[in-house]
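Working notes, structure below.
Computed from the coordinates by the stated procedures, all read-outs in this text should not be read as laboratory data. Only a predicted model underlies this, so the values are computations on that prediction, with no experimental measurement involved. Cβ coordinates were reconstructed from backbone atoms using ideal geometry, including for glycine residues, and neighbour counts include every protein chain displayed.
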Amino acid sequence: MFAMLPIDHDAVQALRRDHAIYITDDGRANLAGLQHWMIEPLMAALTPLL
């Protein structure tokens, strides 16, 4: 299952650089691959960008 996040290329680069979160340049994220312990750090990193 994938999600299309409403973030731009600069935000994607910031996620990679600052949080080691890798999603496609167009904001597509693979949610099915998440482990339960990954959800909170992901949301903490995404919240300021949305």
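Amide H to amide H, with H built 1.01 Å from N, Asp8 comes under 5 Å of no residue 5 or more places away or on another chain. Here are several values of mean projected area of the Cα convex hull in nm²: [x] 4.5; [y] 3.1; [z] 3.6. Which one was derived from the coordinates shown? Label of the calculated value: [y]. Within the chain, the chymotrypsin sites (Phe, Trp or Tyr not before Pro) that combine a DSSP coil assignment with at most 13 other C-beta atoms in a 10 angstrom radius are Tyr22. Length gained on full extension, His9 to Leu31, computed as 0.36 nm times the residue gap minus the Cα-Cα distance: 6.0 nm.
Only helices enter this figure: runs of n ≥ 4 DSSP H residues, each worth -39500 (n - 2.57), summed and divided by the residues of the chain, yield -11000 deg cm²/dmol at 222 nm to the nearest 500. A simple charge model with +1 on the Cβ of Lys and Arg, -1 on the Cβ of Asp and Glu and nothing else charged puts the dipole of region 2-49 at about 120 debye relative to its Cα centre.
Between Asp18 and Met43, residue separation times 0.36 nm minus the direct Cα-Cα distance comes to 7.6 nm.
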